[in-house]
Each structure stands twice: as C-alpha cells, then as structure tokens.
Amino acid sequence: MTIEDYIVDHIDGEGELLSKLNRDAHVNLLRPRMISGHLQGRILKMLVRLHRPQRILEIGTYTGYATLCLAEALPEGAEIHTIEKDEEMEDFIWKQFNPSGLKDKIHLHIGDALEIIPRLEGNFDMVFIDADKRLYNEYYDLVFDKVNPGGIILADNTLWSGKVLEAPHSGDKQTIGILNFNEKIKQDTRIEKVILPLRDGLTIIYKLRTKN
Ligand SMILES: C[S@@+](CC[C@H](N)C(=O)[O-])C[C@H]1O[C@@H](n2cnc3c(N)ncnc32)[C@H](O)[C@@H]1O
C-alpha cells in the first residue's frame with residue numbers, strides 16, 4: 001500500500017459517478033492520467049466548501065472530473081464555468097454532467113480559453129488553471145482582473161513530475177511554461193501563494209484585497 005492508497009482509504013469516497021467516469025476514461029480515452037483523481041478531487045471540493053465561491057472558472061475540462069468535484073460543494077445559486085478546447089470531448093463530458101444532478105450549476109464552453117476568457121462576463125471567486133502548460137502565464141494574465149479581491153486561483157501540475165528541478169531545462173516547452181509561471185507567481189506582489197506538493201504540484205494563489 002502506498003501513502004496515497006492509505007490517504008484515499010481514510011478520506012471521503014469519490015462516489016459512484018466519478019469512479020465510473022474514471023473507469024470509462026481509462027478504457028476509452030488516450031490520456032486518463034490528466035484527470036484530477038480521487039485525492040485531488042476531494043481537495044478541490046474541500047477548497048470550495050471552505051471558500052464558498054459564487055462563481056468558479058475552470059480552464060481545461062477534459063472529462064469534467066474536476067468540474068464535478070468543484071460543483072459538488074457549490075453553495076445554492078452558485079455556478080461554475082468550464083472551458084475545453086477539444087470539441088471531441090464534448091459528448092463524453094455531457095455523459096458525465098447529465099446524470100450528475102449538478103448540470104444546472106455548470107456552464108460548458110467548447111473552444112480555446114484564450115479566446116473565450118475575454119468574452120466571459122462578470123468576475124470569479126475561484127479559478128482552476130489546468131490546460132496547456134505552455135500557456136499558464138497567458139491564462140493567468142487574462143484571468144487576473146476577472147478574479148475578485150480575496151479570490152483564489154489554483155494552478156495544477158506546477159511541479160511537473162519534478163521536471164522543474166532538472167537542469168539544464170531541456171528546452172521542453174511545457175516545462176519552460178511551468179518554470180516561467182512559477183517565476184512569475186513568485187515575483188507577483190498582488191498575491192499570496194503556496195505550492196502544495198500534492199500529486200504533480202498544486203499552487204494556491206490568494207488575490208490580496210489591497211495593494212501593498
Ligand atoms: C489536464 S486536462 C484537464 C483535467 C481536468 N481539469 C481535471 O482535473 O479532471 C487539460 C485539458 O485542457 C484542454 N486544453 C488545452 N489547451 C486549452 C485551451 N487553450 N483552452 C481550453 N482547453 C484547453 C485539453 O484539451 C485537456 O482536455
């Protein structure tokens with residue numbers, strides 16, 4: 001038994017819908033490891049419980065696994081917008097959202113987040129960045145002014161399987177994207193930030209209420 005097995009055995013279950021989603025993804029999809037999974041999914045849900053956002057934006061839906069985890073804990077009247085570039089995922093995603101009892105809270109946008117984010121009206125209390133690693137800085141810059149002061153930005157895969165420590169940094173564009181993002185976040189004085197060594201690294205960013 002690994003420590004993650006032990007943790008998963010001692011926390012809330014993911015529920016039948018998400019566990020079936022996971023199984024279906026492993027049978028039918030090419031990159032099922034991109035799914036947040038049981039432990040990270042429960043952490044995302046817990047963060048929504050604690051922060052009580054009215055509006056969430058997720059960048060990178062894939063199967064909808066994390067969308068459902070985030071939506072599960074949304075307070076009454078709250079909503080989540082999620083953006084997925086790969087239109088071939090749309091059927092699979094709706095197959096998950098339709099029976100979930102949560103679809104009225106979820107707004108799925110199919111298309112490139114770089115084009116869709118500027119067209120989204122209103123602000124967000126929580127953003128989950130989990131799409132193309134080469135573009136994290138662009139997503140962050142596009143979304144920052146749409147995050148309410150006191151809001152939270154989560155960024156997944158910010159340790160990138162430990163590749164952030166490899167030297168020289170191979171020229172791999174995804175690793176460079178993550179390194180540039182981590183450096184930008186480190187320098188940004190408008191926020192507080194912490195990286196959780198969870199799975200592949202999860203950065204939690206708090207947007208300060210006043211400039212200091
Ligand atoms: C790591 S997966 C998302 C996993 C999901 N958030 C979860 O935790 O279960 C990344 C997804 O982002 C999508 N993606 C990549 N670039 C994108 C972009 N510019 N706009 C929207 N989606 C994008 C990919 O097609 C892929 O489905």
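Throughout, read-outs are computed from the coordinates displayed, never taken from laboratory work. What you are looking at is a predicted structure, and each value in this text was computed from that prediction instead of being measured. Note that each Cβ is placed from the backbone with ideal geometry, even for glycine, and that neighbours are counted across all protein chains shown.
Per-structure values
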item: Built amide H within the under 5 Å cut-off of GLY151, gap 5+; result: LYS207
item: Dipole of the stretch 3-207, positive direction: furthest Cα of SER100, ILE191, LEU114, with charges on the beta-carbon; result: ILE191
item: Computed [θ] at 222 nm, helices only, for the chain once each DSSP H run of length n ≥ 4 contributes -39500 (n - 2.57); result: -11000 deg cm²/dmol
item: Residues THR210 and ASP91, FRET efficiency given R0 of 45 Å [Cβ-Cβ distance, rounded to 0.05]; result: 0.50
item: Karplus-derived 3J(HN,Hα), 6.51/-1.76/1.60, for each residue of the stretch 94-100, Hz, glycine and proline x; result: 5, 4, 8, 6, 4, x, 7
item: For GLU58, distant residues with modelled amide H under 5 Å away; result: HIS81, THR82, ILE83, PHE128
item: Karplus (6.51, -1.76, 1.60) ³J(HN,Hα), θ = phi - 60°, over the stretch 44-50, in Hz, Gly and Pro reported as x; result: 4, 4, 5, 5, 5, 4, 6
item: Diffusion constant of the stretch 125-167 at 4 °C, which comes from Stokes-Einstein with the Kirkwood Cα-pair radius and 1.567 mPa s, µm²/s; result: 113 µm²/s
item: Over the chain - Rg/Rh using Cα atoms and the Kirkwood inverse-distance radius; result: 0.94
item: Proxy reagent accessibility, fewest Cβ within 10 Å first, across SER100, SER161; result: SER161, SER100
item: Over the stretch 2-78 - Rg/Rh using Cα atoms and the Kirkwood inverse-distance radius; result: 0.98
item: Potential lengthening between ARG33 and TYR6 on full extension [0.36 nm per residue; Cα-Cα distance subtracted]; result: 7.8 nm
item: Rounded to 5, the percent of DSSP beta bridges in the chain classed as antiparallel; result: 35 percent
item: Unit charges on C-beta of K, R, D, E only; dipole of the chain, Debye; result: 660 debye
item: Length added when fully stretched, ARG190-ASN123, from 0.36 nm per residue minus Cα-Cα; result: 22.4 nm
item: Positive-end extreme of charge dipole, the stretch 3-207 - chosen from MET34, TYR206, SER170 (charges on Cβ); result: TYR206
